[in-house]
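Participant: Got a structure for you, written out below as structure tokens; questions coming shortly.
Every read-out reported here was derived from the displayed coordinates using simple, explicitly stated rules and does not represent laboratory data. Not measured: the values here are computed from a predicted model. Note that each Cβ is placed from the backbone with ideal geometry, even for glycine, and that neighbours are counted across all protein chains shown.
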Amino acid sequence: MDRHTESGWDRRSFLLTGVAAGAAAAAGGWALQGEALADGAEFGVPELPYAADALEPFIDKQTMEIHHGKHHAAYVANLNKALKDVPQLHGLSLGALLVDKAKEVPEAIRQGVVNNGGGHANHSLFWSVLTPKDKAKAAPEGKLAEAIQSAFGGVEKLAETINANGASRFGSGWTWLVKDKDGRLHAYSTANQDSPLMQKHVPLFGIDVWEHAYYLKYQNKRGDYLKAVWNIVNWAEVERRYNEDTLPHPGKEKDALKKKTEVKAP
Ligand SMILES: [Fe+2]
């Protein structure tokens, strides 16, 4: 067995994308902490948590098949390829590669790791925060709903902000709702495959505004695509991500890193 195609979609699948990804994440450690993959494991493409046509008519089947099966798969393949000859980076999580250990990534492959590791992280999240319309909650509830009300003035305003950020993103990128280390919400866009993880923000929800995400159905009408996505938001997952304890725990990070070093020592 390899990768994590057996387990549906959980936090570990997004964060760490490895079958051995870890105990620390499951226990609620800081999302960016570097849990290891199993020795020899490579990053893998997660299965979609629904059928490729399940998001119709908002996102069409063909787009989903190409987006997931070709584009996402290419990011994963290229990430593994970039890391192939750099054994000191083997076993690191996406969080470690993009944040904690980013400076240790050799310059020759650094941008490739950002592009393809970010692409893997971003797309893994994207599939998880969407859901078929008949399964989607109409709106967030609880603490997330309160936080959105406080930060943006409600869900409709949030959607307007995220859509405006996505519409004005020149070229390719993403438009995000994120949580900072103090639990505050922010909305912004990023270029290319840059991940909010790179600025130590926890992505809660994001919309891919690369043309490959919408062009078959929407052609040049990125705004129509952005509006359509709000019909299929998996608010339960966004709430879960918001409510989860993902704040930094310096002591735990130190312990975990030490433990990992000890485990890996010959
Ligand atoms: Fe994409």
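Participant: Once you have a ≥ b ≥ c as the square roots of the Cα gyration tensor eigenvalues for the range 37-156, tell me rounded if a/c is under 1.5, and otherwise prolate or oblate according to whether a/b is larger than b/c.
Facilitator: Because a/c hits 1.5 or more and a/b fails to exceed b/c, the range 37-156 counts as oblate.
Participant: If you average the alpha carbon positions of the range 58-128 and of the range 197-215, how far apart do those two centres end up, in angstrom?
Facilitator: 13 Å
Participant: May I pose another question? Please report V129, V238 as a ranked list, fewest other C-beta atoms within 10 angstrom at the top and most at the bottom.
Facilitator: In order of increasing Cβ crowding within 10 Å: V238, V129.
Participant: Can you work out ³J(HN,Hα) from phi for every residue in the range 167-184, in order, using Karplus 6.51 cos²θ - 1.76 cosθ + 1.60 and θ = phi - 60°, giving whole Hz and x for Gly and Pro?
Facilitator: 5, 8, 5, 6, x, 9, x, 9, 10, 10, 10, 10, 10, 8, 5, 9, x, 7
Participant: Let me ask something else. For S128, S189, S172, what's the fewest-to-most ordering of other Cβ within 10 Å of each Cβ? List each step's numbers first, then the result.
Facilitator: Working: S128 23, S189 20, S172 14.
Going from least to most buried by this count: S172, S189, S128.
Participant: Please list, in chain and number order, the residues 5+ apart from G173 or on another chain whose amide H is under 5 Å from its amide H, with Hs placed from the backbone.
Facilitator: Sorted by chain and number, the residues that satisfy this are N192, V209, W210.
Participant: Could I ask something else about it? In nanometres, what is the gap between the two model label sites at E141 and A164, each 7 Å from Cα along Cα-to-Cβ?
Facilitator: Using points 7 Å along Cα→Cβ, the separation is 3.1 nm.
Participant: Considering only Cα-Cα distances, which of the following residue pairs are longer than 32 Å: K70/K137; K157/K217; K135/K217; K81/K157; K103/K157?
Facilitator: Numbers: K70/K137 29 Å; K157/K217 26 Å; K135/K217 22 Å; K81/K157 42 Å; K103/K157 38 Å.
Beyond 32 Å: K81/K157; K103/K157.
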